[in-house]
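Worksheet: the structure to be examined is printed underneath.
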Protein chains: 2
Amino acid sequence: MTRIAIDAMGGDHAPFEIVAGAVWAAAEYGVALELVGKQDQIEECLDKIQKDGFLSPCGKMGRSRRVRVDVKSLDIKITHAAEIIEMGEAPGQAIRKKKNSSIVLTVNSVATGSSDALVAAGSTGAAMAASLFGLGRIPGIDRPAIAVTLPTMKKPVVVIDGGANSNCTPQMLRQFTIMGRVFAKNVLDIENPKTGIVNIGEESGKGNELAQSAYNILEEEKERFNFMGNIEGRELFLNHVDLVVCDGFVGNVVLKVTEGTANMLFKMLKNEFKSDFLGMIIGWLAKPFLKRIYERTNYEEFGGMLLLGVKGITVIAHGRSKAYAIKNAVRVARNAVETQVNQKIAECLEV
Amino acid sequence: MTRIAIDAMGGDHAPFEIVAGAVWAAAEYGVALELVGKQDQIEECLDKIQKDGFLSPCGKMGRSRRVRVDVKSLDIKITHAAEIIEMGEAPGQAIRKKKNSSIVLTVNSVATGSSDALVAAGSTGAAMAASLFGLGRIPGIDRPAIAVTLPTMKKPVVVIDGGANSNCTPQMLRQFTIMGRVFAKNVLDIENPKTGIVNIGEESGKGNELAQSAYNILEEEKERFNFMGNIEGRELFLNHVDLVVCDGFVGNVVLKVTEGTANMLFKMLKNEFKSDFLGMIIGWLAKPFLKRIYERTNYEEFGGMLLLGVKGITVIAHGRSKAYAIKNAVRVARNAVETQVNQKIAECLEV
């Protein structure tokens, strides 16, 4: 049985929502769990869930319903972690200093083979640093990167790096390309993904120094990478390419601006429909249509982002994740165990 | 009478849509024009408009209607320009080599005082380089920057730099802050704008080297700049701040991803409503509500971006601008003549 280790203390809604999402996933996907964090708090959460269940919308626009899980029937291991790494701490330092922190012990569980994959919703930097030191890098990869799928008109587009590395070299973007292509092929079934660079103009020679140098490097291996050139922010959503590479700063801005814009538009629409009585009726009629779009674009449906380039499976969930998002992140982790992307990246680099 | 110089040859839909938008604006806002470009082509456009008018939606979701303008009644000067700078050309080189290009002559018109402001929809880099060399920098400003307003839940947020400088130093971001604050105060009537840095986390110490250094510099003048710290992509739309600074690469990505996300969602909704007969009726009922939101977020309504830091008024319009967007860009230019933002930036730096 696949076992997923969860940092129960990471994220804005830890530990309850994290534990709730984990057991929900365990019941739904038939995985075993290792919950890592303050033992008494985790046990308290589990007792409460066993007794009362928990309220959760299935997707944000869905109505909340009470989810009931028979915790006692699940295969759950608890590993006590005395420390927690807070959002403001410098990741590298923190994971060296706090050897008993929940994120370090969660990674250890995968490193020692006790679990098959891990999910963490706390500090992205800490999850990445802990994974890098605990699991090790794949030879040939300088820095792990986060692969994320962006919702678009047709099929999702892979963005790499989604936020693991703020400062990148052109060679790192080349490595991201290799990893992103393996991800697109194995997770999204895209045989020879069209690849682009996030840039502020179409023409070569556009953009900052990083984008220009990366362009030249990828252009040299144009056929191998099915390299299509520069992609502007607007065109990310039009499926001209299957995969875009960028540094983690730009990638993270892309993801969060997409999320922010979508949230704003849905809120504006809601307010607009509320402005008069007729609007309320039309809004009510339109709700199922809006809901379908919302669900296609809502990060909670995607659950988590896979860290590529380390020898093991780390899924980084949104810091704001509640139970529903964590459930989906566990699904991402379970799928990653099946597809073994990182192993395939290693094989790809050996050749 | 205020005279606006227009590069009639710049942009994807030049010259017809540019000329059409310009004369539309002249008729609506009572400004005089100087149209710069190939004389025969411009005259042909004007004749056609005088005879047949032109089709234009008022905003993208609006139905196209035929706009009629009595061109003969307007104050229009034509300046012949034999050359055009294409999108792919290196801007600095191109403006030095093509001294008779439409963008260089358009800038000249403002530099010599023949016009009060200019509008250009072609290559942003060429418009910026031509303005920099033709109009000159404001002392104390190393590089001009583009100020753009981003649509949000409540009042617009100023983003600077919107795409003029791909590679920036922390000191440039400090100068952008000064310019952005003058813009926010004089154009948007925000007395003491709350200022932030676009970043990928809230805490200080987050982000790339540029964002970290700029944070430290702005933090030193926290009170002067009303500096609120880092703003994540998602929070740009929540009106926590009135102004955000970033390099032009990130700023341009923010703008284009916002535009791309909004376009995608509206298209998805349209498709969703089309999926069955009931949906078509509900979609028809919901259209006025959607339209109001669309107009609040559509770049065509905003028209153009003001270039700050040069001794004169340059408005850079979207490369895809059609007549309606150009009309709005001329409005931005006319307003800038009234508010004299660049002059106020110069005064602010003299103190």
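The values are calculated or read from the model by the stated rules, or taken from the named source; none is laboratory data. This structure is a prediction, so every number in the text was calculated from the model and none was measured. Note: ideal-geometry Cβ built from the backbone for every residue, glycine included; neighbour counts use all protein chains shown.
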Which of the residues that make up the range A:6-34 are outside any loop (DSSP other than H, G, I, E, B), among the aliphatic types (A, V, I, L, M) and within 21 Å of A:Arg320 (Cβ to Cβ)? A:Ile6, A:Ile18, A:Val19, A:Ala20, A:Ala22, A:Val23, A:Ala25
Criterion (out of contact with any Phe, Trp or Tyr (no Cβ under 9 Å at 6 or more places or on another chain), surrounded by fewer than 23 Cβ atoms within 10 Å (Cβ to Cβ) and at negative phi) met by exactly one of A:Met280, A:Met305, A:Met228: A:Met228
When you look at A:Lys274, is it crowded, with 21+ Cβ neighbours inside 10 Å, farther than 22 Å from A:Thr297 by Cα and either basic (Lys, Arg) or away from chain B (no Cβ under 14 Å) (or both), yes or no? no
Go through the range B:89-111 and give me each residue that's in a loop (DSSP other than H, G, I, E, B) and within 14 Å of chain A (Cβ to nearest Cβ). B:Glu89, B:Ala90
Exactly one of (1) in contact with a helix residue (DSSP H, G or I) (Cβ under 8 Å, 6 or more places away or on another chain); (2) outside the structural domain of A:Gly319 (by TED's automatic domain parsing); (3) part of a loop (DSSP other than H, G, I, E, B) is unmet by A:Gly122. Its number? (2)
Residue tally, condition of a type in the set (A, V, I, L, M) and either within 14 Å of another protein chain (Cβ to nearest Cβ) or within 12 Å of B:Phe225 (Cα to Cα) (or both), over the range B:185-199: 2
How many of the residues in the range A:156-177 are more than 13 Å from every other protein chain (Cβ to nearest Cβ) and within 17 Å of the chain's Cα centre (by Cα)? 3
What's the total number of residues in the range B:138-147 that are assigned to a strand (DSSP E or B) and away from chain A (no Cβ under 13 Å)? 2
Which of the residues belonging to the range B:189-213 are closer than 23 Å to B:Asn342 by Cα and crowded, with 17+ Cβ neighbours inside 10 Å? B:Ile190, B:Pro193, B:Lys194, B:Thr195, B:Gly196, B:Ile197
Taking into account only those residues within the range B:35-65 that are in contact with a Leu (Cβ under 9 Å, 6 or more places away or on another chain) and part of a strand (DSSP E or B), which is nearest to B:Ile293 (Cα to Cα)? B:Ser64
Test B:Ser115 against the stated conditions and say whether it is buried (at least 24 other Cβ atoms within 10 Å of the Cβ), assigned to a loop (DSSP other than H, G, I, E, B) and in contact (Cβ under 8 Å) with a residue 60 or more places away in the chain. yes
Taking the range A:67-83 and keeping residues of a type outside the set (A, V, I, L, M, F, W, C) and either crowded, with 19+ Cβ neighbours inside 10 Å or outside the structural domain of A:Gln50 (by TED's automatic domain parsing) (or both) leaves A:Thr79
Go through (1) out of contact with any helix residue (DSSP H, G or I) (no Cβ under 9 Å at 6 or more places or on another chain); (2) under 20 Å from A:Phe249 (Cα atoms) one by one and return the number of the condition B:Ile197 breaks. (1)
Look through the range A:124-168, keep the residues that are of a type in the set (Lys, Arg) and over 16 Å from A:Asn342 (Cα atoms), and return whichever of them is surrounded by the fewest Cβ atoms within 10 Å (Cβ to Cβ). A:Lys154
Failed item, numbered, when A:Glu86 is tested on (1) in a loop (DSSP other than H, G, I, E, B); (2) of a type in the set (D, E, K, R); (3) under 20 Å from A:Ala333 (Cβ atoms): (3)
Look at A:Leu243 and say whether it is at the interface with chain B (Cβ under 7 Å from one of its Cβ atoms) and either farther than 24 Å from A:Phe133 by Cα or modelled with pLDDT of 90 or more (or both). no
Selection within the range B:243-276 - more than 19 Å from B:Ile200 (Cβ to Cβ) and within 15 Å of the chain's Cα centre (by Cα): B:Glu259
Subset of the range B:248-288, residues of a type in the set (Val, Ile, Thr) and touching a residue at least 40 places away in the same chain (Cβ under 8 Å), comes to B:Val250, B:Val254, B:Thr258
Only one of B:Lys322, B:Lys267 that is in contact with a His (Cβ under 6 Å, 6 or more places away or on another chain) and either over 19 Å from B:Ala164 (Cβ atoms) or within 13 Å of chain A (Cβ to nearest Cβ) (or both): B:Lys322
Does any residue of the range A:330-345 turn out to be assigned to a loop (DSSP other than H, G, I, E, B) and either polar (S, T, N, Q) or touching a Phe, Trp or Tyr at 6+ places or on another chain (Cβ under 9 Å) (or both)? yes
